[in-house]
1. Just to be sure before I move on: is GLY242 closer than 23 Å to ASN154 by Cβ, more than 22 Å from the chain's Cα centre (by Cα) and in contact (Cβ under 8 Å) with a residue 12 or more places away in the chain in the structure I sent?
2. Only one of PHE130, PHE178 is in contact with a strand residue (DSSP E or B) (Cβ under 9 Å, 6 or more places away or on another chain) and touching a residue at least 40 places away in the same chain (Cβ under 8 Å); which?
3. Identify all residues within segment 125-174 that are open to solvent by less than 10 Å² (accessible area, probe 1.4 Å) and of a type outside the set (A, V, I, L, M, F, W, C); write none if there are none.
4. In segment 66-108, which residue that is over 28 Å from ASN26 (Cα atoms) and among the aromatic types (Phe, Trp, Tyr) is least open to solvent (accessible area, probe 1.4 Å)?
5. Tell me, which residue of segment 278-330 that is touching a His at 6+ places or on another chain (Cβ under 8 Å) and of a type in the set (A, V, I, L, M) is most open to solvent (accessible area, probe 1.4 Å)?
6. Working only within segment 50-64, note down all residues that are among the aliphatic types (A, V, I, L, M) and surrounded by 16 or more Cβ atoms within 10 Å (Cβ to Cβ).
7. Exactly one of (1) within 14 Å of TYR74 (Cα to Cα); (2) of a type outside the set (A, V, I, L, M, F, W, C); (3) in a loop (DSSP other than H, G, I, E, B) is unmet by GLU161. Its number?
8. Inside segment 170-193, can you point out the residues that are within 18 Å of the chain's Cα centre (by Cα) and part of a loop (DSSP other than H, G, I, E, B)?
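The values are calculated or read from the model by the stated rules, or taken from the named source; none is laboratory data. Everything quoted here is computed from the prediction, not taken from an experiment. With ideal geometry, Cβ positions are generated from the backbone for all residues, glycine too; neighbour counts draw on all protein chains shown. The accessibility values were calculated without ligands, DNA or RNA, using every heavy atom of the protein model including side chains. Shrake-Rupley method; radii C 1.70, N 1.55, O 1.52, S 1.80 Å.
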Amino acid sequence: MGLENNTELKTVKLVNRASTEVIIVNFGAAIGSIKLYDKNQKMVNVMVSPKIEDLPSPLNKTHNQCFGASIGRYAGRIAEGKFQLEDKEYSLHQENGVHLHGGENGFQYKYWEIVEEKHEENPSVKLKYFSKHNEEGYPGNLEVFVTYTLNEDNDLIIEYEAQTDKKTVVNLTNHAYFNLNGEGSVSDHFLKINADKILEIDEKQLPTGNLNNLRGHAKDFGNNRLIGNRNLDDTFVLNSDGDELGAQLFAPLTGIKLDMSTNQPAVVVYAPESLPDDLDYQTRISEFPSICFEGQNFPDAPNFRNFPNSVLEPGEDYYNRISFKFSVKK
């Protein structure tokens with residue numbers, strides 16, 4: 001069941017020579033699943049998500065978990081749902097003083113157009129969405145593309161591109177939930193984050209504008225640490241740039257390792273204690289079932305001068321590259 005009229009759920013399967021398989025869904029330009037062989041030559045789905053046919057369901061939207069989806073026009077939180085551009089204030093959808101992930105009907109709830117598929121070496125798919133001026137309160141007509149490429153080195157590369165005809169703010173990302181065991185919990189996974197600073201947040205998870213040092217911090221993952229039963233929802237300021245390692249996840253049980261890199265200044269690491277229990281998942285889950293690595297700009301950047309620029313001007317190109325590289329330790 002779709003959330004819009006005249007829509008049809010479509011999927012594209014990308015398979016490389018290692019038999020790694022990625023399914024991309026046009027609803028939300030989402031990753032539906034990622035399957036690869038573990039150290040025991042067992043095929044494991046390392047994504048936590050409802051069954052693909054259930055992604056567009058109203059129940060999924062009610063929970064607002066954004067499983068594997070492309071998030072926009074602005075990923076993360078904006079305080080009071082307001083920002084200013086050229087002395088004009090723009091008002092966005094907000095709940096309890098927080099605008100989250102592009103609003104009530106963000107990009108994750110849209111059917112994107114599949115514009116190109118390639119199924120030879122390094123298979124890929126490109127999708128497009130056109131966000132009209134004033135959609136969810138944002139100024140400017142914004143044309144957005146996302147390209148997913150599964151290369152022969154087992155990298156899933158995500159490239160977001162956008163252009164506008166009016167000055168606006170843009171912050172796109174992907175919201176994939178990972179569990180390298182393929183089921184259960186990520187509490188036994190080891191995590192490394194290449195960051196020295198973390199954004200200070202208030203009781204609403206909104207940035208205060210301060211950047212705290214991670215040395216000695218409870219969430220310092222500068223060295224590989226067991227995640228354990230730790231609830232994470234934090235913005236880490238990356239030391240890396242482009243192809244350098246931003247974050248790493250490793251599951252001893254399967255031997256699967258995930259290296260994440262991005263050209264963005266931060267990664268939001270989200271590891272919820274639980275996920276809604278009334279959804280029909282592809283895999284079995286438990287407490288602390290998954291972890292997300294959202295390569296993006298800082299939350300609420302439009303309202304802080306000391307945060308990286310989030311403004312996109314006409315004639316400029318927005319570009320966000322996120323890479324998830326999979327390997328197996330035997």
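1. On the way: closer than 23 Å to ASN154 by Cβ: yes; more than 22 Å from the chain's Cα centre (by Cα): no; in contact (Cβ under 8 Å) with a residue 12 or more places away in the chain: yes.
No, not satisfied.
2. After ruling out the rest, the residue left standing is PHE178.
3. Taking segment 125-174 as the starting set, the residues that turn out to be open to solvent by less than 10 Å² (accessible area, probe 1.4 Å) are 125, 127, 131, 138-140, 142, 144, 146, 148, 150, 156, 158, 160, 162, 168-174.
Across segment 125-174, the qualifying residues are SER131, TYR138, PRO139, GLY140, TYR148, TYR160, THR168, ASN171, THR173, ASN174.
4. In the first step, residues of segment 66-108 are kept if they are over 28 Å from ASN26 (Cα atoms); the result is 79-80, 82-91, 96-97.
Checking the rest, the ones that are also among the aromatic types (Phe, Trp, Tyr) come to 83, 90.
Details: PHE83: 3, TYR90: 22 Å².
Residue satisfying both the conditions and the ranking: PHE83.
5. Among residues in segment 278-330 that are touching a His at 6+ places or on another chain (Cβ under 8 Å) and of a type in the set (A, V, I, L, M), the one most open to solvent (accessible area, probe 1.4 Å) is LEU279.
6. ILE52, LEU55
7. (3)
8. VAL170, LEU172, HIS175, ALA176, ASN179, LEU180, VAL186
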